[in-house]
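First the structure, in the form of C-alpha cells, and then the observations on it.
Each reported figure results from applying straightforward, stated rules to the coordinates on display, with no laboratory input. Everything numeric here is computed off the predicted structure, so don't read it as measured data. Every residue, glycine as well, gets a Cβ built from its backbone with ideal geometry; the counts of neighbours run over all protein chains shown.
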C-alpha cells in the first residue's frame, strides 16, 4: 500500500482550440493538498473542473505549469512513466462506474490488481468488497446490482491496490441521497489524499476545503 501522497499544482494551464475560438479550460491554477487531506473542486459546468482533475491524474499534460505527486513531477514524465504512476499511485472513481458488464463484481475489482501487476488476488478482492458492504454480491454481474452498489464496486476497484491518491469526478452524480452518503463515507474513510470534482454541496462540505473554479481560474 502506498502512503498518502501530497499534491502540488503550480500555475498549470490547459487551453483548447475550438471552431468558435480558444477555450481556457484551466488558466494558471495553483493549489496544494497535504498527504491525507481532501479538497472539493466546485464550479459551474464547463469551468474546467474535470480538466484540472485530469491534469492532476496525468491523464492530460499542461501546456504550462507543473504537477507534483509526492516528490515526483508528474507533468514532466513521458506518457509510459505517467501511465505507470497512474496504475500504482492513483485510484480513480467517476460518475459512470465504468464496470465491465461481462465481469462479476470480484472480477471487476481484480482487474485493477492485474493492471497494477499484482496478479490474482480473489481473497483480497473479497475482503475489499466486504469493506464496502458487498460481501454477498461478489459473484453478481453489474446489471444485477443497484446504481449505489455498482459505485461501491467502483470504489473497491479504486482502493484495492492501495493508492496514495484518490481522484473522483462527480462520484455521486447519479445516486440518491442515501447511496451518495455511503459512497462519500467510503472515500473519506480510506485515509487517502482525496480530490473530488462535484456539484454536490453536501459532499463538498464534508471535505477539508473547497476550491471554486470560474473560467479556468481557482478561488480557494
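The table below lists the values:
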read-out: Length added when fully stretched, residue 17-residue 30, from 0.36 nm per residue minus Cα-Cα; value: 2.4 nm
read-out: Crossing angle, helix 105-115 versus the chain [Cα axis fit, 0-90 degrees, rounded to tens]; value: 50 degrees
read-out: Exposure proxy order (Cβ contacts within 10 Å, fewest to most) of 186, 55; value: 186, 55
read-out: Residue 59 versus residue 174: modelled label distance in nm, points set 7 Å from Cα along the beta carbon direction; value: 1.4 nm
read-out: Residues in the stretch 8-46 reached by a label modelled at residue 205 [backbone nitrogen below 18 Å; 7 Å Cα→Cβ]; value: 39-43
read-out: Stretchable slack from residue 102 to residue 143, in nm (0.36 nm times residue separation minus alpha-carbon distance); value: 13.8 nm
read-out: Relative contact order of the stretch 7-219, defined on C-alpha pairs under 8 angstrom at six or more residues apart (%); value: 30 percent
